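Trainee: First the structure, which I've put down as structure tokens, then a few questions once you've had a look.
The values are calculated or read from the model by the stated rules, or taken from the named source; none is laboratory data. Since the structure is predicted, the reported quantities are computational estimates derived from the model, not experimental observations. All Cβ positions, glycine included, derive from the backbone under ideal geometry; neighbour counts span all protein chains shown. Accessible surface areas use protein heavy atoms only, side chains included; no ligands, DNA or RNA. Shrake-Rupley method; radii C 1.70, N 1.55, O 1.52, S 1.80 Å.
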Amino acid sequence: MAQRIERAPMQTPAEKRPISDTKRAIMKTAAQLFAEKGYGSVGTAELSSATNHGKGALYHHIRSKEDLLFDIMTVYLHDLLAGAETILAQSDDPEQRIRALSLGLMQAVVQDNAEMTVCFREVHALSPEYRRAVLRLHGDYFRLWERVMNEARDTARLRAVDPDELKALLGMYFYAFLWVGPQRAGDIEALAEKFAGLVLRACRKG
């Protein structure tokens with residue numbers, strides 16, 4: 001009977017590991033390749049060439065191609081969540097929170113555009129356990145916005161916003177990756193303010 005090879009334990013959202021500068025550089029290059037060509041069309045040889053790492057050195061940093069894809073999809077989400085948690089801890093004013101969350105999310109859309117593109121287009125390429133982990137992170141981020149909206153409602157600062165409405169508002173941001181890219185780096189603050197204005201106008205009373 002062939003010996004069973006055990007897979008290394010999956011990195012779960014609660015087990016975020018430190019990411020070295022070398023690995024971040026590999027992830028950034030790979031994200032650009034996956035966004036341009038598709039995950040399934042990029043092989044190990046092309047990854048090695050594009051990142052200037054031999055196959056052995058590359059796999060020292062990424063463990064597997066799927067793990068690389070998973071990290072590309074989750075590291076920017078972890079960063080987005082950490083930033084959002086900080087915003088909520090620093091202010092209880094709903095408009096300030098929404099404007100700050102808008103800025104953080106727009107920074108991700110512009111600065112992590114390839115990663116976001118890969119996350120939305122290639123999540124089907126992940127194994128079920130990895131896919132569930134990515135979806136949990138999206139759910140965690142949604143719940144942070146939901147908390148902001150519920151607390152604003154409870155203090156009569158904004159009207160009640162139901163989950164469908166909030167998903168629609170967040171979709172406005174997340175699907176901006178289709179038309180907002182790194183070329184808009186100089187416009188991040190202006191874009192964030194426009195989007196925040198749309199959210200606030202949609203949620204104010206009266």
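Trainee: Tell me, yes or no, whether region 50-63 has at least one residue that is under 17 Å from the mean Cα position of the chain (by Cα) and either closer than 30 Å to Val199 by Cβ or not acidic (Asp, Glu) (or both).
Mentor: Taking every residue of region 50-63 in turn, none turns out to be under 17 Å from the mean Cα position of the chain (by Cα) and either closer than 30 Å to Val199 by Cβ or not acidic (Asp, Glu) (or both).
Trainee: Could you tell me how many of the residues in region 124-149 are in contact (Cβ under 8 Å) with a residue 24 or more places away in the chain and more than 13 Å from the chain's Cα centre (by Cα)?
Mentor: Initially, region 124-149 is screened for residues in contact (Cβ under 8 Å) with a residue 24 or more places away in the chain, giving 125-127, 129-130, 133-134, 136-138, 140-142, 144-145, 147-149.
Cutting the leftovers down to more than 13 Å from the chain's Cα centre (by Cα) gives us 125-127, 129-130, 144-145, 147-149.
Going through region 124-149 one residue at a time, the tally reaches 10.
Conditions (1) at pLDDT below 95; (2) among the basic types (Lys, Arg); (3) in contact with a His (Cβ under 8 Å, 6 or more places away or on another chain); (4) surrounded by fewer than 22 Cβ atoms within 10 Å (Cβ to Cβ), marked per residue:
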| position | (1), (2), (3), (4) |
| --- | --- |
| Ile72 | no, no, no, no |
| Leu81 | no, no, no, yes |
| Ile87 | no, no, no, yes |
| Asp92 | yes, no, no, yes |
| Gln96 | no, no, no, yes |
| Leu101 | no, no, no, no |
| Gly104 | no, no, no, yes |
| Glu115 | no, no, no, no |
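Trainee: So for region 141-163 (the condition being open to solvent by less than 40 Å² (accessible area, probe 1.4 Å), in a loop (DSSP other than H, G, I, E, B) and either modelled with pLDDT under 95 or aliphatic (A, V, I, L, M) (or both)), does at least one residue qualify?
Mentor: Filtering region 141-163 down to residues open to solvent by less than 40 Å² (accessible area, probe 1.4 Å) leaves 141-142, 144-145, 148-149, 152, 158, 161.
Pick out the ones that are also in a loop (DSSP other than H, G, I, E, B) and you get 158, 161.
Now drop any that are not either modelled with pLDDT under 95 or aliphatic (A, V, I, L, M) (or both), which leaves 158, 161.
Within region 141-163, one or more residues are open to solvent by less than 40 Å² (accessible area, probe 1.4 Å), in a loop (DSSP other than H, G, I, E, B) and either modelled with pLDDT under 95 or aliphatic (A, V, I, L, M) (or both).
Trainee: Here's another thing I want to ask about it. Yes or no: Phe174 at pLDDT 95 or above, of a type outside the set (Ser, Thr, Tyr), surrounded by 14 or more Cβ atoms within 10 Å (Cβ to Cβ) and under 19 Å from the mean Cα position of the chain (by Cα)? Can you show your working first?
Mentor: Numbers: at pLDDT 95 or above: no; of a type outside the set (Ser, Thr, Tyr): yes; surrounded by 14 or more Cβ atoms within 10 Å (Cβ to Cβ): yes; under 19 Å from the mean Cα position of the chain (by Cα): yes.
Criteria not met by Phe174.
Trainee: Only one residue in Ala133, Ala168 is in a helix (DSSP H, G or I), under 21 Å from Ala84 (Cα atoms) and open to solvent by 50 Å² or more (accessible area, probe 1.4 Å). Which one? Walk me through how you get there before you give the answer.
Mentor: Details: Ala133 fails: open to solvent by 50 Å² or more (accessible area, probe 1.4 Å).
Every option except Ala168 fails the conditions.
Trainee: Mind counting the residues in region 34-60 that are within 17 Å of Val75 (Cβ to Cβ), open to solvent by 20 Å² or more (accessible area, probe 1.4 Å) and of a type in the set (A, V, I, L, M, F, W, C)?
Mentor: 1
Trainee: Just give me the residues in region 150-163 being farther than 21 Å from Glu85 by Cβ and either among the hydroxyl-bearing types (Ser, Thr, Tyr) or more than 27 Å from the chain's Cα centre (by Cα) (or both), in sequence order.
Mentor: Here is the first cut: in region 150-163, the residues farther than 21 Å from Glu85 by Cβ are 156, 159-160, 162.
Across region 150-163, the qualifying residues are Ala156, Arg159.
Trainee: Here's another thing I want to ask about it. For region 177-187, check the following and say yes or no: at least one residue is surrounded by 12 or more Cβ atoms within 10 Å (Cβ to Cβ) and at pLDDT 95 or above.
Mentor: No: zero hits.
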